Each structure stands twice: as structure tokens, then as C-alpha cells.
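Structure record follows, encoded as C-alpha cells.
The values are calculated or read from the model by the stated rules, or taken from the named source; none is laboratory data. Because the structure is a prediction, the values reported are computed rather than measured. With ideal geometry, Cβ positions are generated from the backbone for all residues, glycine too; neighbour counts draw on all protein chains shown. The area values use the complete protein model at the heavy-atom level, side chains included, leaving out ligands, DNA and RNA. Shrake-Rupley method; radii C 1.70, N 1.55, O 1.52, S 1.80 Å.
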Amino acid sequence: MRWFPLREGGIAYDIAVVLQSICEPFLQLFRRFIPPMGGLDFSPVIAILALNLVARFVISVIV
């Protein structure tokens, strides 16, 4: 959401604040171990892969 210009008080700003408050604690886990490389933050990619692996594991245990 940082790519988009947001004005305080707008609906897009409120949505961005909620999404950031939900996602940032999880992403901070990965940012501790994976520093930005060349100005790019790869922690969201690793976080999505980790969520995918956990989901596959849970589904395999359930089924």
C-alpha cells in the first residue's frame, strides 16, 4: 500500500492502517532474518511461502 498516495481521513487510508496492523507483526518475524537486498524487501514473499507450507501441513494432517 505504500506505492499508492494515501490521504489521512480517507477510506483507503483507513484500510491501509488496518491491513498494516494485521500484517506487520507477522512480517517482522521474517524481517529479522531477511534484510532488504538492494532496496527490495523479500520478507512478504518468504512469509507467503511459509503460510503455504503451514497450510499444506495442516491439510495433510487433517486429511
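How much accessible area per residue does the chain have, in Å², with a 1.4 Å probe?
On the way: 5600 Å² over 63 residues.
With all protein chains present, the chain gives 89 Å² per residue.
Give, rounded to the nearest 20 debye, the magnitude of the charge dipole that the chain has about its Cα centre when Lys and Arg contribute +1 at Cβ and Asp and Glu contribute -1 at Cβ. Write out the running numbers ahead of the final one.
On the way: 5 positive and 4 negative charges, 37 e Å.
The dipole magnitude comes to about 180 debye.
Any idea how far apart W3 and F33 come out in nm if each label point goes 7 Å out from Cα toward Cβ?
Each label point lies 7 Å from its Cα, and together they span 2.7 nm.
Run the accessible area of the chain with a 1.4 Å probe and give the carbon-and-sulfur part as a rounded percent. Walk me through the intermediate numbers first.
Details: 4050 of 5600 Å².
Roughly 72 percent of what the probe reaches on the chain is carbon or sulfur.
Report, in degrees rounded to the nearest 10, the 0 to 90 angle that the Cα long axis of helix 43-62 makes with the longest principal axis of the chain.
40
Among P35, C23, I11, flag the residue with its Cα farthest along the positive direction of the charge dipole of the chain, charges on Cβ as +1 for Lys/Arg and -1 for Asp/Glu.
P35
Do any trypsin sites (Lys or Arg not before Pro) in the chain lie in a loop, going by DSSP, with at most 14 other beta-carbon atoms within 10 Å of their beta carbon, and if so which?
Details: sites: R2, R7, R31, R32, R56; in loops: R2, R7, R32.
In loop regions of the chain (DSSP not H, G, I, E or B), the sparsely surrounded trypsin sites (Lys or Arg not before Pro) are R2, R7, R32.
Using DSSP to define loop residues, name the chymotrypsin sites (Phe, Trp or Tyr not before Pro) in the chain whose beta-carbon has at most 10 other beta-carbon atoms within 10 Å. If you can, show how the numbers build up before the last one.
On the way: sites: W3, Y13, F26, F30, F33, F42, F57; in loops: W3, F33, F42.
Answer in residue order: W3, F33.
Between (i) 15.2, 47; (ii) 11.6, 37; (iii) 20.4, 66, which matches Rg and Dmax of the Cα atoms in Å calculated for the structure shown?
Among (i) 15.2, 47; (ii) 11.6, 37; (iii) 20.4, 66, the one calculated here is (i).
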